[in-house]
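Laboratory data are not the source of any read-out in this text; all were calculated from the coordinates shown. All figures in this text were calculated on a predicted structure; none of them were measured in a lab. FYI the Cβ positions are ideal-geometry reconstructions off the backbone, even for glycines, and counts take in every protein chain you see.
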Amino acid sequence: MRAMRARGSNGYGDLELVNLPKPEVSNGTVLVRMTAAGVTPLDHTILSGQYPKAKAPLVLGNEGAGVVEEGGGTEFPAGSRVMFTGLCGVSEDGTYSEYLSVRKQDLCLIPEGIDDVSAAGIPVAWPPFWSRVAPLGQVPPLLPCAEW
């Protein structure tokens, strides 16, 4: 599978398109075919060497959206549209790839009416947004993954 990987932490020039093995499903993970990847300030922080816990080579991207290929069970059957964030793109390969093995607890079904590109940016943006509007009493409808 194709992936955009950082071979170092000296800026955007360290990004390279590579071919990697397709991830495998293991206990508690779900294989997701990526349809969109969110781009966050964390990607720049890692790429500029300001986050020492992230070690190159590393496929960046810590939020995204995609379609379940296998391993989702009854909660996330094959073909389900999902969004997620987690450790991906920080301590393990991330969403700038064609496929990703994602922890089941990090997945959330994408609500009807939200396209994959928009959904890919929700997981990181939603918690700070929620923390600001909830105290004002202007609470929007909850997403299915309210525990974020």
Rounded to the nearest 0.05, FRET efficiency between Lys55 and Asn27 (Cβ-Cβ, R0 35 Å) equals 0.90
Treating only the Cα positions of region 41-123 as identical point scatterers, give the base-10 log of I(q)/I(0) from the Debye formula at each q in 0.14, 0.16, 0.20 Å⁻¹.
-0.47, -0.60, -0.86
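Starting from 0.36 nm per residue, how many nanometres of slack lie between Asn10 and Arg103 once their C-alpha separation is accounted for? If you can, show how the numbers build up before the last one.
Numbers: separation 93, 0.36 × 93 = 33.48 nm, distance 2.96 nm.
Between Asn10 and Arg103, full extension yields 30.5 nm more.
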What FRET efficiency would be calculated for the residue pair Leu87, Ser118, taking the C-beta separation as r and a Förster radius of 25 Å, to the nearest 0.05?
0.60
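Going by average Cβ neighbours within 10 Å, how do the peptides 50-61, 6-17, 31-42 rank, with the highest at the top?
Details: 50-61: 16.6, 6-17: 14.0, 31-42: 20.1.
Top of the packing list down: 31-42, 50-61, 6-17.
How much of the DSSP bridge set in region 2-136 is antiparallel, in percent, rounded to the nearest 5? The partial results should precede the final answer.
Values: 27 of 28 bridges.
Of the beta bridges lying entirely in region 2-136, close to 95 percent run antiparallel.
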How far apart, in nanometres, would the label points at Met1 and Val39 be if each is projected 7 angstrom from Cα along the Cα-to-Cβ direction?
2.1
Between the modelled labels at Glu75 and Ser48 (7 Å from Cα along Cα→Cβ) the distance in nm is 3.6
Output wanted: per-residue J couplings in Hz (rounded whole) for region 13-24, from phi through Karplus 6.51 cos²θ - 1.76 cosθ + 1.60, θ = phi - 60°, x for Gly and Pro.
x, 7, 7, 9, 7, 10, 9, 10, x, 5, x, 9
